[in-house]
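All remarks here apply to the structure that follows.
The values are calculated or read from the model by the stated rules, or taken from the named source; none is laboratory data. In this text the structure is predicted, and so the values were computed from the model without any measurement. As a convention, Cβ positions derive from the backbone with ideal geometry for all residues, glycine included, and neighbour counts pool all protein chains shown. Remember, those area values only see protein heavy atoms, side chains included, never the ligands or the DNA or RNA. Shrake-Rupley method; radii C 1.70, N 1.55, O 1.52, S 1.80 Å.
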Amino acid sequence: MICPHCQQDFIKTHFNQKYCKKCRVILKKNPKHNLTSDQIKQFNKYLGKFKAREIADKIKASITSVKRYAITKRISLRKPRYTQHEINEVIEYYIKHGLTKTKIKFPKISPRSIIERNYHIPRQIRWTNNQMIELAKMAGIISREAQARYFNRPNARSGSIKSVWLKKLVCRQANINGLNHNIAKYFVKKNEAYISVKFGCNNKNNRKLLLWVDIIKYLKPDTPTYLKDAFYVMAKFQKWLHGRHVRHNIKHMIKEREYD
């Protein structure tokens with residue numbers, strides 16, 4: 001059988017098959033239409049102003065031909081709900097006043113659909129290696145709000161601190177610099193050596209934290225060996241983070257970053 005599209009001979013695999021396999025793939029992406037040049041000019045004139053069926057009626061063509069031509073030219077037949085002037089006006093007002101006031105200002109328009117389709121907030125900047133180290137220094141000590149204020153990243157608040165620990169560092173920050181007083185008291189002889197921190201307290205009551213360097217200093221003799229090894233590793237890491245005078249440097253950091 002001869003393919004009417006490429007004029008090549010092919011073997012039918014179905015009784016209703018008209019085109020060869022290669023041409024079927026081509027015609028699926030670029031279907032044939034029977035619009036004349038005048039109809040195409042009218043189509044371009046009405047595009048974006050009327051729906052597909054209304055365009056077909058106006059240019060006196062079938063809806064199938066109109067859709068096929070649109071597929072061939074990769075044109076969307078969806079009629080826009082709002083003009084470009086309305087879109088620009090809504091976006092400009094939204095940037096200055098926010099979504100709530102924009103809804104009040106434009107009651108007959110859906111600002112959210114315009115903003116989500118047309119206005120894109122710039123992608124958040126990546127965390128640097130030095131910022132990651134600072135995150136570890138403040139982990140479990142400085143409140144998320146104060147950490148966000150310290151980094152001052154664009155379009156980011158305390159949620160960005162929680163997000164980086166979940167997505168990048170993949171661990172909890174509460175015990176990076178020590179143990180809670182109510183847990184550490186079972187492993188140390190002197191449990192008064194804690195420092196008072198605001199992390200995880202909703203600024204109501206301060207959390208009592210025993211630093212790793214203080215835990216190994218006052219460790220009980222009967223502590224299991226595997227726990228001792230873990231405490232010493234964490235204390236070594238804490239010294240690398242904060243320097244030689246860990247306790248002094250942490251207190252200075254709290255005073256500087258939490259209470260500024």
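I need the per residue convex hull volume for the chain, using only the alpha carbons, in cubic angstrom as a whole number.
On the way: hull volume 70.9 nm³, N = 260.
Once divided by residue count, the hull of the chain is 273 Å³.
Within the set of other residues whose C-beta is less than 13 Å from the C-beta of residue 109, count the net charge using Lys and Arg as +1 and Asp and Glu as -1.
+4
How large is the accessible surface per residue of the chain, computed with a 1.4 Å probe and reported in Å² as a whole number?
Accessible area per residue: 70 Å².
For residue 101, which aspartates and glutamates qualify as cross-link partners when the Cα separation must be under 13 Å and same-chain residues fewer than eight apart are set aside?
Here the aspartates and glutamates satisfying the reach criterion relative to residue 101 are 92.
Which of the lysines could a cross-linker bridge to residue 108, judged by Cα under 28 Å and excluding same-chain residues fewer than eight apart?
Partners found: 45, 49, 51, 79, 96.
Calculate how many DSSP beta bridges within the chain are antiparallel, expressed in % of all such bridges and rounded to the nearest 5.
90 percent
Leaving out ligands, DNA and RNA but keeping every protein chain, what accessible area does residue 149 have, in Å² rounded to the nearest 10, with a 1.4 Å probe?
The value for residue 149 is about 120 Å².
Counting only protein heavy atoms, what percent of the accessible surface of the chain is carbon or sulfur at a 1.4 Å probe?
C and S atoms contribute 52 percent here.
Taking residue 185 as the anchor, which lysines have their alpha carbon closer than 24 Å to its alpha carbon, excluding any fewer than eight residues away along the same chain?
Correct list for residue 185: 137, 198, 204, 208, 217, 220, 228, 236, 239, 251.
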